[in-house]
1. Check off (1) more than 20 Å from GLU320 (Cα to Cα); (2) surrounded by 20 or more Cβ atoms within 10 Å (Cβ to Cβ); (3) in contact with a Phe, Trp or Tyr (Cβ under 9 Å, 6 or more places away or on another chain) for THR65 and give me the number that stays unchecked.
2. From the set of residues in segment 1-58 that are of a type in the set (D, E, K, R) and closer than 24 Å to LYS72 by Cα, which is least open to solvent (accessible area, probe 1.4 Å)?
3. What residue, of SER69, SER80, SER44, SER60, is within 16 Å of the ligand (Cβ to nearest atom), under 23 Å from the mean Cα position of the chain (by Cα) and not in a helix (DSSP H, G or I)?
4. Considering only segment 331-349, how many residues are small (Gly, Ala, Ser) and modelled with pLDDT under 90?
5. Within segment 211-241, can you find the residues that are outside any loop (DSSP other than H, G, I, E, B), in contact (Cβ under 8 Å) with a residue 24 or more places away in the chain and over 26 Å from the mean Cα position of the chain (by Cα)?
6. Here are some conditions: (1) of a type in the set (Asp, Glu); (2) under 23 Å from LEU235 (Cα atoms); (3) open to solvent by 10 Å² or more (accessible area, probe 1.4 Å). GLU133 meets all but one. Which one does it not meet?
7. With (1) of a type in the set (A, V, I, L, M); (2) part of a helix (DSSP H, G or I); (3) touching a residue at least 12 places away in the same chain (Cβ under 8 Å); (4) over 19 Å from LEU110 (Cα atoms) as the list, and ILE75 as the residue in question, which single condition is left unmet?
Amino acid sequence: MQFQGEDRIINLELIEKLWPAFEERIPDNKAAVAFLLETLLVNSALHCHCGIIIQNRVKSKKKRTVMCSVCKKEIWITSSTLFRRVKQLKAWLGAIYLMGHGAVVTSNKLSELGGTAISTALNIVRKIGLVIEGERQQEAIDTSYKIASMEFVSIFCRRSMLTLPKVHPSIALEDAPSQEQDSESADDAQSPEADLSPNELEILHLLGTEPMTQDQICDLTKLSVSEVGGALVVLELEGLIEAHPGGRFSKKKAQKQANADAATMHTRNKEKDIYMPSMGALVGRVIDMTQSIRGGISRKYLQIYLASMWCQLDRARWNETSLLHAFIRSAEICYQDILDYESPTIVSIRA
Ligand SMILES: [Zn+2]
């Protein structure tokens, strides 16, 4: 497996430089809430149900709330934003900060920095990608390049082509060429299924098209109920498995591409299928960067990763503030929207 370390090292160095600066400003979740409140107030983005836009901070007894000066109701600071019900606000703002400054954020790295579960970090990374994708679709003039998603096959085939059901996943990982010494990079860039833990890999390889209950999976893997439960959440988030009635799970079947197109979110501007063969250089760059930094991605989320890359490539358009503002004005994206997301056959890329 080819591995190019340069982008990865540059990215890690950038993150190492950025994170202390972020933590100085936002050391914990409390500071994150205060920062968000300030941003919402300055941008007149905090609304009360009575119709008033909150402009002043009126103290409220409950945490994470302010009081409406008109109807005296307590309003959740995060309720009118995509941060609704988010517990680890610091990790969310941290990811936005890093991406706003041009870094590529992987779920492993974010989980390590922000102290969140991998599933939470994955959710954060995906949702930010969807927000950026939403912005792309709302641009007055669509200047995206249209490329067949199959052009990216070399970065996402790994997840689906790695069929080693008889081999324990840890063996597969040990077999991978190890060019870097730290274990983090081995997990993140060199393992064929970049973001998955050994437990998740084991369950993924165990599951077939016939649905299995959580108990069956526990029996067969000898993992605990909570380990299996956690792994199933991640695998479902990754779009690698699907849930069935009765708490059963199976490996996700490849969807027909027509379905994939129909299921794409925000299809308000039906994009023309313009194929631009001259885009080789950009595609090559995206593939190199993805291989180096993420190891591989799933086809299902390709468009989201491409959108995230726009943030990184177009430094004039994107910064920390513009990304946070995109988050504040974004239409609601629920957990199910992320699970259901399917990249279109023709993907869009902006640079
Ligand atoms: Zn009110």
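1. (2)
2. Ranking the qualifying residues of segment 1-58, first place goes to GLU38.
3. Numbers: SER69 fails: under 23 Å from the mean Cα position of the chain (by Cα); SER44 fails: under 23 Å from the mean Cα position of the chain (by Cα); SER60 fails: under 23 Å from the mean Cα position of the chain (by Cα).
Only one candidate passes the filter, namely SER80.
4. Start the filter on segment 331-349 by keeping residues that are small (Gly, Ala, Ser), which leaves 331, 343, 348.
Those left that are additionally modelled with pLDDT under 90: 331.
Number satisfying all stated conditions: 1.
5. Our first condition is that a residue be outside any loop (DSSP other than H, G, I, E, B); within segment 211-241, this holds for 212-221, 225-237, 241.
With the extra rule that they be in contact (Cβ under 8 Å) with a residue 24 or more places away in the chain, the set shrinks to 212-214, 217, 227-228, 230-237, 241.
Once the filter is applied, which keeps residues that are outside any loop (DSSP other than H, G, I, E, B), in contact (Cβ under 8 Å) with a residue 24 or more places away in the chain and over 26 Å from the mean Cα position of the chain (by Cα), segment 211-241 yields MET212, THR213, ILE217.
6. Answer for GLU133: the failing condition is (3).
7. (2)
Residues checked against (1) closer than 20 Å to GLN291 by Cα; (2) among the aromatic types (Phe, Trp, Tyr); (3) not in a helix (DSSP H, G or I):
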site	(1), (2), (3)
VAL104	yes, no, yes
LYS109	yes, no, no
GLU112	no, no, no
SER119	no, no, no
LEU122	yes, no, no
ARG126	yes, no, no
GLY129	yes, no, no
GLU133	no, no, no
ARG136	no, no, no
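The values are calculated or read from the model by the stated rules, or taken from the named source; none is laboratory data. Since this is a predicted model, take the numbers as computed values, not measurements. So basically every Cβ, Gly included, is an ideal-geometry build from the backbone, and we count neighbours across all protein chains shown. Accessible surface is based on the protein model in full, side chains and every heavy atom, while ligands, DNA and RNA are left aside. Shrake-Rupley method; radii C 1.70, N 1.55, O 1.52, S 1.80 Å.
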